[in-house]
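The values are calculated or read from the model by the stated rules, or taken from the named source; none is laboratory data. Quick caveat: nothing in here was measured; it's all calculated off a predicted structure. Cβ sites come from the backbone with ideal geometry, for glycine too, and all protein chains shown count toward neighbours.
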Protein chains: 2
Amino acid sequence: MKTPIFTDLVQTLPATVPFVGPETQERQMGHGFTARLGANESVFGPSPKVLKAIGNAASDIWMYGDPEAYELRNALAKHHNITMDNIIVGEGIDGLLGYLARLFISPGDAVVTSDGAYPTFNYHVQGFGGMLHKVPYCDDHEDPNGLIAMAAKTGAKLIYLANPDNPMGSWHNAQTLEKMIEKLPGGCLLILDEAYADCAPHDAVPPLDTSNPNVIRMRTFSKAYGLAGLRIGYAIGQADLIQSFNKIRNHFGVGRLPQAAALAALDDQAYLSDVISRISMSRIQISEIAKENGLIPLPSATNFVTIDCGKDGSFARAVVANLIKQGIFVRMPFVAPQDRCIRVSCGTADDMAAFAKALPIALQQI
Amino acid sequence: MKTPIFTDLVQTLPATVPFVGPETQERQMGHGFTARLGANESVFGPSPKVLKAIGNAASDIWMYGDPEAYELRNALAKHHNITMDNIIVGEGIDGLLGYLARLFISPGDAVVTSDGAYPTFNYHVQGFGGMLHKVPYCDDHEDPNGLIAMAAKTGAKLIYLANPDNPMGSWHNAQTLEKMIEKLPGGCLLILDEAYADCAPHDAVPPLDTSNPNVIRMRTFSKAYGLAGLRIGYAIGQADLIQSFNKIRNHFGVGRLPQAAALAALDDQAYLSDVISRISMSRIQISEIAKENGLIPLPSATNFVTIDCGKDGSFARAVVANLIKQGIFVRMPFVAPQDRCIRVSCGTADDMAAFAKALPIALQQI
């Protein structure tokens, strides 16, 4: 019998994945990683109060989550001093980026991002037939002026910018971003991915302006809050824009347990501060290990450090491969000329010791 | 500045939600429900072993879930005696239905379902511009021949059928469904939603045939397994069809904790059997309460009982409203002539006592 036919668009899509999971690599190697420093997760984990909240919520786990995520949005509104109508909760920033692509992108629509920026955003844009226009990094930073110019030139509907940036760890200050926002072409939405904002200096985060329909801010509980395993994030924006997600989203997609855990995480800002300190210390440790091995750590406002290995992409790829062989999970999600770098997530003292031991061997083996 | 413009399709979509959550109703009422019997959740909860697995997994909660859900798919493959390549794990059946609509539906494409069947499926189809063609129920059952005839007439790309059916609780046996599958028009995919299959008689579930590209089977951990609060489900189908989800899905959308919980739930089939017994007993109790009040319980192969109130939709709506006023959460997701019914999920002894107390009052108050 005739097989069901995919849409024209789906037929053009490659069977690609934005990221191979470390578990896949572990299965291929036949053993686990010693240190998991490749996905910018928070090895410091969530607050003990979160684990307690999860225990308490477990007896309610038979119930669907509140599709409005009312309590969490209410708490977030207070936390950010905005209203609930400016907040949408979703299945991580990844899930929300997918919804944004669906809301705005028809086949052929232009979208602007940096060359080497977040692959999952590109995946979602291509999944809706968007045409990606990539702007090179400028001195290892995303280039606000270049992005704006490209958006104006191509009539882009979306610009993606992560601040602080992944994978470079670099950042712009609020003033630079506010100038960029002023220059946004009409009809263009700036997706400001602030997954790492919790780790950044305060002056890297522009004040929230929920009256501006041309900017949406993306936040997550997967990074500094340590809840990647529950996959919950949120977006902040103008109320009409936020309301539009309700036309397409999976309303019951965020479970009751993730909502309860996120609420508890948000409530323990003292723990978050402590994690931020530990991240800062680990950034220093990674930087020192890099320098001891003749490599150049780049400044970072995130929970990882990007290390310039000083040579070309082949060299950096070899460093990563040799680290992985020694059980250190790291990644190299860069394109040239940033592919001279490797990216190392912050870790515990044990993780740092393992990395310190493995890096010189990885370099020697080349 | 000019506001960003949604796609032409999104501009046509209503700001609707498939279901209002009970939490929304509780906030409107200003108090909680005494008995939560409206969303076909499993009040019996998950296995104690699942709660233990969640506790154990909590220390890993800082890690993203395996995007391949390898361990869970491996266990499901053994459980169903199929291969992993025939299984995709997703954010509940709702999430997977959304992906199916996206894979197959372009604006204007025909889709066939029953009039009064699952609103969330309709929501997803409309969200991709599909044209819904609805076939009336036949003797309170979904009508396989009617669905096939409508699909042939409209050139439908998808047919949706839930077996056992929600909201009627009725079911067809495997033979009837196999005959329906034989008659599927070329190029048409049958989405067989088996969310309630765990509660059904064995002869209501056709053997799995993963060689057939025209049928996909939807299963969930949200019903009898008691894990609605973690939102995890899966689909079983022909390998190429299953692989196609990888072109569009949110690869890291299902967290580590839901995967661990589902694995533990699957592993405790003795507990599942026990829940199924308790569901059967509760169905009998609901039926008896209905009869004591002069109403007609319909046969059910699910974790709820649909009760024929014997009059019209206004009457049944009043019964529901009067139950809700007394703190009993029930729903009435029916269209005429099935809107003479109300739907009551199985519950604990306390839930049943609350329902038994409230129903006669609800009827008197009309």
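Is one or more of the residues making up region B:86-99 more than 14 Å from every other protein chain (Cβ to nearest Cβ) and either at pLDDT below 95 or more than 17 Å from the chain's Cα centre (by Cα) (or both)?
Taking region B:86-99 as the starting set, the residues that turn out to be more than 14 Å from every other protein chain (Cβ to nearest Cβ) are B:86-87.
Next, from what is left, pick out any that are either at pLDDT below 95 or more than 17 Å from the chain's Cα centre (by Cα) (or both): B:86-87.
Yes: region B:86-99 contains one or more residues that are more than 14 Å from every other protein chain (Cβ to nearest Cβ) and either at pLDDT below 95 or more than 17 Å from the chain's Cα centre (by Cα) (or both).
Looking for something within 10 Å of another protein chain (Cβ to nearest Cβ), hydroxyl-bearing (Ser, Thr, Tyr) and part of a loop (DSSP other than H, G, I, E, B) - is there at least one such residue anywhere in region A:295-305? Please lay out each step first, then the result.
Step one: of region A:295-305, the residues within 10 Å of another protein chain (Cβ to nearest Cβ) are none.
No; the residues of region A:295-305 include none that is within 10 Å of another protein chain (Cβ to nearest Cβ), hydroxyl-bearing (Ser, Thr, Tyr) and part of a loop (DSSP other than H, G, I, E, B).
Return yes when A:Arg256 is facing chain B (nearest Cβ under 8 Å), under 30 Å from A:Thr348 (Cβ atoms) and basic (Lys, Arg) and no when it is not. Please lay out each step first, then the result.
Working: facing chain B (nearest Cβ under 8 Å): yes; under 30 Å from A:Thr348 (Cβ atoms): no; basic (Lys, Arg): yes.
When the stated conditions are applied, A:Arg256 does not pass them.
Which number in (1) at the interface with another protein chain (Cβ under 10 Å from one of its Cβ atoms); (2) hydrophobic (A, V, I, L, M, F, W, C); (3) assigned to a helix (DSSP H, G or I) marks the one condition that A:Ile216 misses?
(3)
What do you reckon, is A:Arg278 within 14 Å of another protein chain (Cβ to nearest Cβ) and part of a helix (DSSP H, G or I)? First the steps, then the outcome.
Values: within 14 Å of another protein chain (Cβ to nearest Cβ): yes; part of a helix (DSSP H, G or I): yes.
Yes, satisfied.
Identify all residues within region B:9-28 that are within 7 Å of another protein chain (Cβ to nearest Cβ) and assigned to a helix (DSSP H, G or I); write none if there are none.
B:Val10, B:Glu23, B:Thr24, B:Arg27
Kindly indicate which of A:Ala69, A:Ala58 is more than 7 Å from chain B (Cβ to nearest Cβ), small (Gly, Ala, Ser) and buried (at least 17 other Cβ atoms within 10 Å of the Cβ).
A:Ala69
Listed residues A:Val89, A:Val125; which is in the same structural domain as A:Leu161 (by TED's automatic domain parsing) and closer than 25 Å to A:Thr306 by Cβ? Spell out how you get there, then give the answer.
Details: A:Val89 fails: closer than 25 Å to A:Thr306 by Cβ.
Among A:Val89, A:Val125, only A:Val125 is in the same structural domain as A:Leu161 (by TED's automatic domain parsing) and closer than 25 Å to A:Thr306 by Cβ.
Which members of region A:29-49 meet the condition of being assigned to a loop (DSSP other than H, G, I, E, B) and either more than 7 Å from chain B (Cβ to nearest Cβ) or at positive phi (or both)?
Step one: filter region A:29-49 for residues assigned to a loop (DSSP other than H, G, I, E, B), giving A:30-34, A:37-47.
Listed by number, the residues that qualify are A:Gly30, A:His31, A:Gly32, A:Phe33, A:Thr34, A:Leu37, A:Gly38, A:Asn40, A:Phe44, A:Gly45, A:Ser47.
Restricting attention to region B:230-244, which residues are hydrophobic (A, V, I, L, M, F, W, C) and surrounded by fewer than 21 Cβ atoms within 10 Å (Cβ to Cβ)? Let's see the steps before the verdict.
Just the residues of region B:230-244 that are hydrophobic (A, V, I, L, M, F, W, C), to begin with: B:230, B:232, B:235-236, B:239, B:241-242.
Matches in region B:230-244: B:Ala239 only.
Residues in region B:222-240: is at least one more than 7 Å from chain A (Cβ to nearest Cβ) and part of a helix (DSSP H, G or I)?
yes
Quick one: how many residues across region A:180-213 are more than 11 Å from the chain's Cα centre (by Cα), assigned to a loop (DSSP other than H, G, I, E, B) and small (Gly, Ala, Ser)?
Number satisfying all stated conditions: 4.
Taking B:Ser42 and the conditions (1) surrounded by 20 or more Cβ atoms within 10 Å (Cβ to Cβ); (2) at pLDDT below 95; (3) among the hydroxyl-bearing types (Ser, Thr, Tyr), which numbered condition does it fall short on, given that it satisfies the others?
Against the list (1) surrounded by 20 or more Cβ atoms within 10 Å (Cβ to Cβ); (2) at pLDDT below 95; (3) among the hydroxyl-bearing types (Ser, Thr, Tyr), B:Ser42 comes up short only on (2).
Could you please give the count of residues in region A:1-20 that are free of Cβ contacts under 8 Å to residues at least 12 places away in the same chain, surrounded by 15 or more Cβ atoms within 10 Å (Cβ to Cβ) and not β-branched (Val, Ile, Thr)?
The qualifying residues number 2.
Of B:Val335, B:Val330, B:Val320, B:Val305, which residue is surrounded by fewer than 19 Cβ atoms within 10 Å (Cβ to Cβ) and of a type in the set (Val, Ile, Thr)? Give the steps one after another, and end with the answer.
On the way: B:Val330 fails: surrounded by fewer than 19 Cβ atoms within 10 Å (Cβ to Cβ); B:Val320 fails: surrounded by fewer than 19 Cβ atoms within 10 Å (Cβ to Cβ); B:Val305 fails: surrounded by fewer than 19 Cβ atoms within 10 Å (Cβ to Cβ).
Checking each option against the conditions leaves just B:Val335.
Just give me the residues in region B:246-270 being part of a helix (DSSP H, G or I), under 22 Å from A:Tyr123 (Cβ atoms) and either among the hydroxyl-bearing types (Ser, Thr, Tyr) or more than 20 Å from the chain's Cα centre (by Cα) (or both), in sequence order.
Matches in region B:246-270: B:Asn246, B:Lys247, B:Arg256.
Yes or no, residue by residue, for (1) touching a Gly at 6+ places or on another chain (Cβ under 7 Å); (2) acidic (Asp, Glu); (3) surrounded by fewer than 18 Cβ atoms within 10 Å (Cβ to Cβ):
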| position | (1), (2), (3) |
| --- | --- |
| A:Phe121 | no, no, no |
| A:Met131 | yes, no, yes |
| A:Gly169 | no, no, no |
| A:Glu182 | no, yes, yes |
| A:Gly187 | no, no, yes |
| A:Leu192 | no, no, no |
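Only one of (1) over 30 Å from B:Ala149 (Cα atoms); (2) more than 14 Å from chain A (Cβ to nearest Cβ); (3) not in a helix (DSSP H, G or I) is not met by B:Ser273, so which one is it?
So the condition that B:Ser273 fails would be (3).
Only one residue in A:Lys52, A:Lys78 is surrounded by fewer than 24 Cβ atoms within 10 Å (Cβ to Cβ), within 11 Å of chain B (Cβ to nearest Cβ) and of a type in the set (D, E, K, R). Which one? I'd like the intermediate steps shown before the answer.
Working: A:Lys78 fails: within 11 Å of chain B (Cβ to nearest Cβ).
Every option except A:Lys52 fails the conditions.
Within the set of pairs 6 or more residues apart or between chains, which connect a residue that is farther than 14 Å from A:Leu266 by Cα inside region A:35-54 to a residue that is polar (S, T, N, Q) and crowded, with 23+ Cβ neighbours inside 10 Å with Cβ atoms less than 6 Å apart?
A:Leu37/A:Ser345; A:Asn40/A:Asn303; A:Asn40/A:Ser345
Applying the selection to region B:269-309, what residues are more than 18 Å from B:Lys357 (Cα to Cα) and among the basic types (Lys, Arg)?
B:Arg278
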